[in-house]
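Worksheet for the structure shown next.
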Amino acid sequence: MIKTLEWTDAGVRFIDQTKLPTEETYVTCKTYEEVADAIRTMIVRGAPAIGVAAAMGVALGVRDSQAKDIEGLQCDLARISDVLASTRPTAVNLFWAIRRMRAKFEDLSAQPIARIKQTMIEEAQRMLLEDIAANEAMGKHGAVLLPASGGILTHCNAGALATCGYGTALGVIRAAVDSGKKLEVFADETRPFLQGSRLTAWELMKDHIPTTLISDNMAGAIMRQGKIDAVIVGADRIAANGDVANKIGTYTVAVLAKEHSIPFYVAAPFSTIDLETADGSQIPIEQRSSREVTHLAGKQIAPAGVKVENPAFDVTPHKYVAAIITERGVARAPYSESLRGLAQTSVGVS
Ligand code: MRU
């Protein structure tokens, strides 16, 4: 399995996703500031992966704090959390992970400092293991929804590179293929950052899963030709009513799927579900540099000075979503009831 990120004594080690698919290189972030930079610059990306990366960043910052007493350590923790929380605004997993690490710290506050530091590292490592287990559980719940054979369209990268395990949407596809289903994946290239062509195509080819790369504007024509039997994507944040924020272009795919009567599935761990956000209109959408649109592989492809919009995510209204696959089970409409129901089930991911 691809090791997207891992804790080492030297720091947090990431596969550098900005270099794929042509170079498979790794970077070790030795400070929490370096972890924050890795999240901001998308060396590590994908909602579950950036959540665990942030947790490890917190653990690293706390471990290396020079504070001599609990008050000093608390102060450092607040600063570390703020720096990591300021990296990317949309994926709620980032904030969930920081909140969980802070809650752990509060539980430990009566312990000696050395014990607190060690337990914070263990908590971040536990989150990585839980993410692997959540991927596997989603795979089991979701595989049955996919057809015995046919074409599956996915957008962006919701695979091993976006998680600590074998992926959310791609995890469901992997589980279905492992169970004997004969699937071909159509990967949208996912302009402008090209997560589909650079990352999804790369990791599926490594697994020998039949994969066809298409540019984003081909999805409608390919659906019309009858080549797509289901769409499955990941998510960065799912509101309480089931509205889904995911990579820009997901909404277009969902509308096209509806027009062609193709089921549109979303696979995401519970850490992506934000019951405190009522609907998609309240989800903050990250705006990224115009250079991602005006340049391709360092080459200018648009007139200098052109006005550009570059929202990194869009919101798909829940009415387009056939089901949300989580590690706790499959939620169906009405999502405001089914998601709350799953939230009350035990956290078991086996
Ligand atoms: O900007 P990115 O690459 O971090 O965006 C990633 C996505 O939109 C993924 O689809 C989402 O995080 C789900 S990953 C399991």
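Values quoted throughout were computed directly from the atomic coordinates according to the rules given, and no laboratory measurement underlies them. This one's a predicted model, so the numbers in the text were calculated from it and none came from an experiment. Note that each Cβ is placed from the backbone with ideal geometry, even for glycine, and that neighbours are counted across all protein chains shown.
Report relative contact order for region 172-227 in percent, whole number only (criteria: Cα-Cα under 8 Å, sequence separation at least 6).
This gives 34 percent for region 172-227.
Using R₀ = 35 Å, calculate the FRET efficiency as 1/(1 + (r/R₀)^6) where r is the Cβ-Cβ separation of VAL144 and CYS75; round to 0.05.
0.10
Quick one: which residues, 5+ away or cross-chain, put their amide H under 5 Å from the amide H of VAL330? H built at 1.01 Å from N.
none
Could you work out the percent of alpha carbon pairs in region 240-310 separated by over 21 Å, rounded to a whole number? Write down the numbers at each step before the final one.
Working: 1195 of 2485 pairs.
Taking all Cα-Cα pairs of region 240-310, the fraction more than 21 Å apart is 48 percent.
Return the sequence-ordered ³J(HN,Hα) values of region 255-268 in whole Hz as given by the Karplus equation 6.51 cos²θ - 1.76 cosθ + 1.60 applied to θ = phi - 60°, using x for Gly and Pro.
Result, rounded to whole Hz: 5, 4, 4, 4, 4, 9, 6, 9, x, 10, 9, 10, 10, 7.
Order the peptides 250-256, 153-159, 79-85, 306-312 from the highest to the lowest mean number of other Cβ atoms within 10 Å of their residues.
153-159, 250-256, 79-85, 306-312
Determine ³J(HN,Hα), in whole Hz, for all residues of region 79-84 in sequence, where each value follows from phi through the Karplus function 6.51 cos²θ - 1.76 cosθ + 1.60 and θ = phi - 60°; x replaces Gly and Pro.
5, 4, 4, 5, 5, 5
Taking the Cα centre of each part, how many Å lie between region 93-110 and region 266-280?
Value for the Cα centre distance between the two parts: 19 Å.
Dividing the alpha-carbon Rg of region 139-343 by 2.2 N^0.38 Å yields what?
Output field value: 0.99.
FRET efficiency for MET205 and ARG13, Cβ-Cβ distance as r, R0 = 22 Å, nearest 0.05?
Approximately 0.40, to the nearest 0.05.
Show me the ranking of peptides 238-247, 173-182, 283-292 by mean Cβ neighbours inside 10 Å, starting with the highest.
238-247, 173-182, 283-292
Among the DSSP beta bridges whose two residues both lie in the chain, what percent are antiparallel, rounded to the nearest 5?
That works out to approximately 50 percent antiparallel.
Can you compute the charge dipole magnitude of region 139-343 about its Cα centre, using +1 on each Lys and Arg Cβ and -1 on each Asp and Glu Cβ, nothing else charged? Give it in debye, rounded to the nearest 20.
340
When the Cα centres of region 210-262 and region 289-350 are compared, how far apart do they sit, in Å?
Result: 11 Å between the Cα centres.
How would you rank MET223, MET101, MET218, going from fewest to most other Cβ atoms within 10 Å of each one's own Cβ?
MET218, MET223, MET101
Per-residue counts of other Cβ atoms within 10 Å, averaged by peptide: what ranking do you get for 65-71, 162-168, highest first?
Details: 65-71: 12.1, 162-168: 29.1.
So the order, starting with the most tightly packed, is 162-168, 65-71.
If each of LYS30 and LYS299 carries a label point 7 Å out from its Cα toward its Cβ, how far apart are those two points in nm?
If labels sit at LYS30 and LYS299, their model points lie 3.8 nm apart.
In a Debye calculation with equal point scatterers on the alpha-carbon sites of region 53-211 and no solvent, what is log10 I(q)/I(0) at q = 0.08, 0.14, 0.19, 0.20 Å⁻¹?
-0.33, -0.77, -1.06, -1.13
Which is farthest toward the positive dipole end of the chain among MET218, SER81, ILE301, measuring Cα position about the Cα centre, with Cβ charges +1 (Lys, Arg) and -1 (Asp, Glu)?
Highest projection toward the positive end goes to MET218.
Simple spin-label model, 7 Å along Cα-to-Cβ: GLU122 to ARG288 in nm?
3.8
For region 1-134, what is the relative contact order in percent, using Cα pairs closer than 8 Å and at least 6 residues apart in sequence? Write out the running numbers ahead of the final one.
Values: 173 pairs, mean separation 30.9, N = 134.
For region 1-134, the relative contact order is 23 percent.
By how many degrees, 0 to 90 and rounded to 10, does the Cα axis of helix 92-108 deviate from the longest principal axis of the chain?
The answer is roughly 30 degrees.
Quick check for me: using +1 on Lys/Arg Cβ and -1 on Asp/Glu Cβ, what's the dipole size of region 5-136 about its Cα centre, in debye to the nearest 20?
It comes to approximately 220 debye.
With an 8 Å Cα cut-off and a minimum separation of 6 or more residues, compute the relative contact order for the chain in percent.
16
Would you mind working out the magnitude of the charge dipole of the chain relative to its Cα centre, with +1 at each Lys and Arg C-beta and -1 at each Asp and Glu C-beta, to the nearest 20 Debye? Write down the numbers at each step before the final one.
Numbers: 37 positive and 40 negative charges, 90 e Å.
The dipole of the chain has a size of about 440 debye.
Could you work out the equivalent-ellipsoid semi-axes for the chain, taking the square root of 5 times each eigenvalue of the Cα gyration tensor, largest first, in whole Å?
33, 23, 19
Please give, to one decimal in nm, the separation of the simple spin-label points placed at GLN66 and SER281, each 7 Å out from Cα toward the Cβ.
Going by the 7 Å Cα→Cβ label model, 5.0 nm.
Run the paramagnetic zone check for LEU129: 7 angstrom along Cα to Cβ, then residues of region 263-280 with backbone nitrogen under 16 Å.
none
From the residues LEU94, ILE70, PHE105, which one has its Cα farthest along the dipole of region 63-111 in the positive direction, the dipole being from +1 and -1 charges on Cβ of Lys/Arg and Asp/Glu about the Cα centre?
Sorting the options by dipole projection puts first LEU94.
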